[in-house]
Structures are given as C-alpha cells and as structure tokens.
Amino acid sequence: MEQENCQNPLNVDRINHEMGRTMFQLRFRLVKRYVRLLLVVALVQFPLVAKCISLQLALNGEIVGPTKDLTVVVEVASATAGDSDTAVRQKSSIEESRFQIFAWFDETSNVISEETCDRRPHLVIVKLMQGEQVLDRQTLTIERDFRRTKSGGYQLKRPITLHQPADK
C-alpha cells in the first residue's frame, strides 16, 4: 500500500500541497506575531518620546578692540536643579565690531528617566574667544536681561559689550 501511495503521483502532489500549505501557515503566523510585537513596541515608545521645542535666544552687542580671529560663544544654564548641560545650538556672526548670536535652548529634560519638556533657561554665559582662550565673559540672567518674544523665545533687552584685552 505504501508503495502504491509513493507511485501514485496524485498522492505525492496532495502531500506536497498539504506540506506547502502548512509551511505557509506557519510562516504567516510567525510574521503576524512579529508585526504585533513591533506594533506593541512602537505604541509603548511613542508616549516616552517628548516632543519638546527649542527656545530661541537672540543676543547682540559690540566688541571693543580688534576682532580678527575672534568668535563669540554662548552657553545657557538651566534653572532645573541637577541639570549641568549648558551646550546650545548656535549661529553667530561678527561684522566689524558688532556681533549677533542666535542660540537654541532645548527644553527636553535629561535629569529624570522619562523625558519631559520642563527645562527653562536661567543663566546665559557669553564668551569672547580666540581659539580655546576666553578673552572676556559676561553672565546674564534670563529674568533680568531678556524679554520674551511673541514667538516664545527671548531677546536681549540691551546690547552687551565685550572687550578684547589690550596687548602688553
């Protein structure tokens, strides 16, 4: 009888068809489980990703002394306790003795394990640099030295003056 089943091409075709269908079902179930797992992971991740904005800080002022090879750099300290990150994305320009800086302060908190949008700028440190050397520095506070803009950022109330030390 077994010999008869093996010689009968209809039985072999039927067995191959059944095996193929079973393999397809197993693969389909595996793909379904994988897709479900990805969806669950994606849905769990979305609430954890904070969608915080960056606040723009606009500063301007004057440099007293020669400006060749100088840069003006800004650091912004957060009012959040335990937050030591002062780096900000910035764009600055110096034309003759005048400078203008735009800095973007990220509101995303990195103090707690879950990201929140509760960082607020507090201190603004403006440095006049020549290479890695700090030539002059001014520390400003958001509350005293800046005003809020219509777009939610901060604009310096009065231009500041940075001094290039006199050569000895």
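No lab work stands behind these numbers, since they all come straight from the coordinates. Remember, predicted model here, so these are calculated numbers, not experimental data. When we count neighbours, we look across all protein chains shown, and the Cβ atoms used for this are built from the backbone with ideal geometry, even at glycine.
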Practice item. Mind sorting D69, D83 by how few other Cβ atoms lie within 10 Å of their own Cβ, fewest first? Key: D69, D83
Study note, to complete from the structure: Expected sort for F146, F105, F28, F99 with the fewest Cβ neighbours (10 Å cutoff) up front is F28, F146, F99, F105
Practice item. For region 75-168, just say rounded, prolate or oblate: build the C-alpha gyration tensor, square-root its eigenvalues into a ≥ b ≥ c, call rounded for a/c under 1.5, and beyond that prolate if a/b exceeds b/c, oblate if not. Key: prolate
Check your understanding: Using the count of nearby Cβ atoms within 10 Å as a rough guide to exposure, how do K157, K127 rank from fewest to most?
Key -> K157, K127
